[in-house]
Amino acid sequence: MKSLKVIHKIGLVVFTIGFFTFLSLFFIGQYQLDKNNLKEVVGEQSFPTVNKFAEDIYERKYTSQFAFVSDFKSVLNQTNKEIKSEYEIESSIAGEIAKANNGKTFEQTAIEKVLGEPSNEIKGWQIKQLKDYTGWMEGREYESTDELRAQLEKVISDVNNSIISQKGFSKDNINSKAFTIAKQSEVGPVAQNTWLWLFLAIGIPIIGAIMYLLPKLKTEHAGIKNDGIFHSALKNRGWIGILLGTFLISFYVFLYWFPEYMTSWIVMVDPLSKMLSGNPASQWFMYGFLYTLAILVMGIRMIIKYRHSPYQMIRTVSVMFFQLAFAFVIPEILVRLNQPYMDLKNMWPLDYTFFFDYRLNEMIEAGTIGLFMLGWGIALFAIGVPLFTYLYGKRWYCSWVCGCGGLAETLGDPYRQLSDKSLGAWKIERWLIHGVLVFAVVMTAAVLYTFFTGSSDLLGINTYNIRATYGFGIGAVFSGVVGTGFYPFMGNRVWCRFGCPLAAYLGLVQRFKSRFRITTNGGQCISCGNCSTYCEMGIDVRWYAQRGQNIIRSSCVGCGVCSSVCPRGVLNLENRDEDGRFNQPSLIGNDSFGVQS
């Protein structure tokens, strides 16, 4: 027993060393700009101008990705200024074109009268843009030359504002190219020996974690023991928990908006990406790899901890399998086979991009397999959700299949007791999660409207702005930064409880038309509170148990932990006929207590 405790402690040390090695990769990158890489990234047309401003940094070796990215972005911004100065049309041209028109009627022939024949590429572009932007004005009469001149000045302003998007580098384009060039310019120790650093930064922490976890099979009893969990610096918003939460939040911020600063981590997993899909790693491959590893390693912890419960063990193996196979390996293999990338277990509205035009076109153009994917995705949410939720409750997906739920149940398990059980939190939850579902439906309707009509204007609102707002606010900030980053602060199911539109959809079916319920035996309840404490969805389970009332809350994901931690067997997860599902309290106090629903 003593030797096992030593292995346990050594494992913690090994994991800590590996984790800090992983963090160190953020600071040991080295970068050197290569002219051929730059030419490939910015394109043949823009390269001569970009190259002129990049001459000073070709020979410089950077030891900070922040300095390298800053200088590269500065080069593109200088390029933008030069391009704009070359292509910009002087506002005085508006007056000349207005005077060149016969009378007060606008004719596009006046544009060439003033600007002349297109003698070069720039002049040709200017003439074409003016004609494109004034097509609607052809033959239109104006009250005065001054009115026509004012309209032409506005047209010229619009043309000048479009120069960067057409000929230069927009802000999004600069960020995208900064990531690509930073990854290609990585020349540090990680790029020189990716397999070694993959072992040091990923393999070592895994070995340490396994060494830390396995001795618990002999040194600790199965189940939750309430052994100082509310005094833990890691598990109860202590300083370690705050540091971990800060790291997770920072990781997601960089992942979504500043991946150009994470290139060492991404370069490290390049060999794995090329083995699976044949392509270099992106930030999303790196994220998927780390996400899957977290579920697998922490899944082992979950199995060891709840080894007294066959339900918990099988459920954990299920989420581990679906994450590894369906969410990570199979999509990468599909890409290698030149098929659309698709997580076959993910579905709308959680997969909010499913009906985006590029996804639909990609599936349609892929032929038989693509059409199968389209049909599968539609059938999954239109038929699978109501059918399986009726039979098994939302647990069939949220606790057995879903990747978000899988991470919450494994990596997030140490924080399940932090979920807010208050009535106020429950009220916020109901409004927020169903509000996100409505937002997802409206956004999808707008996207499909644009796909079928070709118009991006719906009731005066740009449909692309709607989906961009949803992607930023819900797809990135809520589900990523808050949904995972807030594990150490608000519990492990923040996203599932307050934001997931699919959970809302599943919950509506479960609440009103399902065979699933958690039955309670109030006569056996000793009010220990374990069930409520460890309910990750913020349900006051004890409230129901004391009254012998079935739990049919729409938020319940059927994880079964409340049953697993109950010392008296009061709670049971059941699938039975719907009759009697909405039961009333079976103990005294029927008239004294309100019935939660």
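Taking the residues in segment 491-524 that are of a type in the set (D, E, K, R) and surrounded by fewer than 19 Cβ atoms within 10 Å (Cβ to Cβ) as candidates, determine which candidate is farthest from residue 480 (Cα to Cα).
In the first step, residues of segment 491-524 are kept if they are of a type in the set (D, E, K, R); the result is 493, 497, 511, 513, 515, 517.
Still in the running and surrounded by fewer than 19 Cβ atoms within 10 Å (Cβ to Cβ): 511, 513, 515.
Numbers: 511: 27, 513: 31, 515: 32 Å.
Only one residue tops the list, namely 515.
Give all pairs with beta carbons closer than 7 Å in which a residue from segment 22-33 that is in contact (Cβ under 8 Å) with a residue 24 or more places away in the chain and open to solvent by 30 Å² or more (accessible area, probe 1.4 Å) meets a residue that is of a type in the set (A, V, I, L, M) and assigned to a loop (DSSP other than H, G, I, E, B); count only pairs at least 6 apart in sequence or on separate chains.
Correct list of pairs: 30/187; 32/187.
Listed residues 177, 154, 183, 218; which is in contact (Cβ under 8 Å) with a residue 12 or more places away in the chain, exposed (fewer than 14 other Cβ atoms within 10 Å of the Cβ) and assigned to a helix (DSSP H, G or I)? Lay out the reasoning, then the answer.
Numbers: 177 fails: exposed (fewer than 14 other Cβ atoms within 10 Å of the Cβ); 154 fails: in contact (Cβ under 8 Å) with a residue 12 or more places away in the chain; 183 fails: exposed (fewer than 14 other Cβ atoms within 10 Å of the Cβ).
Checking each option against the conditions leaves just 218.
Within segment 441-453, is even one residue of a type in the set (S, T, N, Q), over 21 Å from residue 404 (Cα atoms) and surrounded by fewer than 16 Cβ atoms within 10 Å (Cβ to Cβ)?
Yes, some residue in segment 441-453 is of a type in the set (S, T, N, Q), over 21 Å from residue 404 (Cα atoms) and surrounded by fewer than 16 Cβ atoms within 10 Å (Cβ to Cβ).
Among the candidates 350, 391, 387, which residue alone is open to solvent by 20 Å² or more (accessible area, probe 1.4 Å), within 25 Å of residue 501 (Cβ to Cβ) and within 18 Å of the chain's Cα centre (by Cα)? Write out each step before concluding.
Values: 391 fails: within 18 Å of the chain's Cα centre (by Cα); 387 fails: within 18 Å of the chain's Cα centre (by Cα).
Sole residue among the options that is open to solvent by 20 Å² or more (accessible area, probe 1.4 Å), within 25 Å of residue 501 (Cβ to Cβ) and within 18 Å of the chain's Cα centre (by Cα): 350.
Within segment 91-121, can you find the residues that are open to solvent by 70 Å² or more (accessible area, probe 1.4 Å) and in contact (Cβ under 8 Å) with a residue 60 or more places away in the chain?
If the condition is that a residue be open to solvent by 70 Å² or more (accessible area, probe 1.4 Å) and in contact (Cβ under 8 Å) with a residue 60 or more places away in the chain, then 91 is the only one that fits.
Pairs only if they're at least six apart or on different chains, beta carbon under 8 angstrom, first in segment 53-67 and under 14 Å from residue 181 (Cβ atoms) and modelled with pLDDT of 90 or more, second of a type in the set (Gly, Ala, Ser) and in a loop (DSSP other than H, G, I, E, B); list them, first residue then second.
65/29
Which of (1) closer than 18 Å to residue 430 by Cβ; (2) out of contact with any Phe, Trp or Tyr (no Cβ under 8 Å at 6 or more places or on another chain); (3) open to solvent by 40 Å² or more (accessible area, probe 1.4 Å) is the odd one out, the single condition residue 527 does not satisfy?
Unmet condition: (1).
Among the numbered criteria (1) out of contact with any Pro (no Cβ under 8 Å at 6 or more places or on another chain); (2) part of a loop (DSSP other than H, G, I, E, B); (3) within 23 Å of residue 22 (Cβ to Cβ), which one does residue 235 miss?
Every condition holds for residue 235 apart from (1).
Test residue 49 against the criterion of being exposed (fewer than 15 other Cβ atoms within 10 Å of the Cβ) and either in a loop (DSSP other than H, G, I, E, B) or among the β-branched types (Val, Ile, Thr) (or both), and give yes or no.
On the way: exposed (fewer than 15 other Cβ atoms within 10 Å of the Cβ): no; either in a loop (DSSP other than H, G, I, E, B) or among the β-branched types (Val, Ile, Thr) (or both): yes.
When the stated conditions are applied, residue 49 does not pass them.
Keeping to segment 242-262, report how many residues are farther than 10 Å from residue 486 by Cα and either in a helix (DSSP H, G or I) or open to solvent by 20 Å² or more (accessible area, probe 1.4 Å) (or both).
Applying the first criterion (farther than 10 Å from residue 486 by Cα) to segment 242-262 yields 243, 247, 250-262.
If we keep only those that are either in a helix (DSSP H, G or I) or open to solvent by 20 Å² or more (accessible area, probe 1.4 Å) (or both) as well, we get 243, 247, 250-261.
Of the residues in that region, 14 qualify.
The values are calculated or read from the model by the stated rules, or taken from the named source; none is laboratory data. Since the model is a prediction, treat every value here as computed from it, not as a measurement. Positions of Cβ are backbone-derived with ideal geometry, glycine not excepted, and every protein chain shown enters the neighbour counts. Side chains are part of the model used for accessible areas, which takes the heavy atoms of the whole protein and leaves out ligands, DNA and RNA. Shrake-Rupley method; radii C 1.70, N 1.55, O 1.52, S 1.80 Å.
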